1. What is the packing order of peptides 46-57, 61-72, taking the mean over residues of other C-beta atoms within 10 Å and listing the highest first?
2. So what's the net charge close to ASP94: Lys and Arg +1, Asp and Glu -1, counting the other residues with Cβ under 13 Å from its Cβ?
3. Extension gain GLU64-LYS34, at 0.36 nm per residue separation less the Cα-Cα distance, in nm?
4. Suppose the chain between LEU26 and HIS73 were pulled fully straight at 0.36 nm per residue; how much longer would it get relative to their current alpha carbon spacing?
5. How high is the FRET efficiency from LYS92 to GLU44, r the C-beta distance, R0 22 Å, rounded to 0.05?
6. Note down the nm distance, to one decimal, between modelled labels 7 Å out along Cα→Cβ at ASP54 and at ASP84.
Amino acid sequence: MLKGGTSVSNAAPERVWRRRTGFVALMLATAKSKGMIAYSGTEENRWLATHTLDVARAYRLALEIGKAGSVFHPIADGGVRTKDIVEVLARKLDVPVVTTLQE
């Protein structure tokens, strides 16, 4: 806890974009090693991500102007469908898409 009851939580590292790391880098490595790219869930699963510098700015602002109970969320959009990410990567790598869709 910080002065005034403000607390700070940690961003999930897989949601933070850094160069050559994170979700897409893992998907690329897997696609290259397995010769296919896969996703599961529903076709509406979304991937929310943000750049490390944006997360740093959000934490700075939260510390500077945050009030007890405030919520800061550095991701402004609704994300990208995981299916769309997978399809682009598959097309670029010329590998098939495998899915285990859930109802």
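Every number here is computed from the coordinates shown, using simple stated rules; none is lab data. This structure is a prediction, so every number in the text was calculated from the model and none was measured. Note: ideal-geometry Cβ built from the backbone for every residue, glycine included; neighbour counts use all protein chains shown.
1. Details: 46-57: 15.2, 61-72: 11.5.
With the highest mean Cβ count within 10 Å placed first, the list reads 46-57, 61-72.
2. Residues close to ASP94 contribute a combined charge of +2.
3. Taking GLU64 through LYS34 to full extension adds about 6.1 nm, to one decimal.
4. On the way: separation 47, 0.36 × 47 = 16.92 nm, distance 2.44 nm.
In short, 14.5 nm is gained.
5. 0.45
6. So the label points at ASP54 and ASP84 sit 1.4 nm apart.
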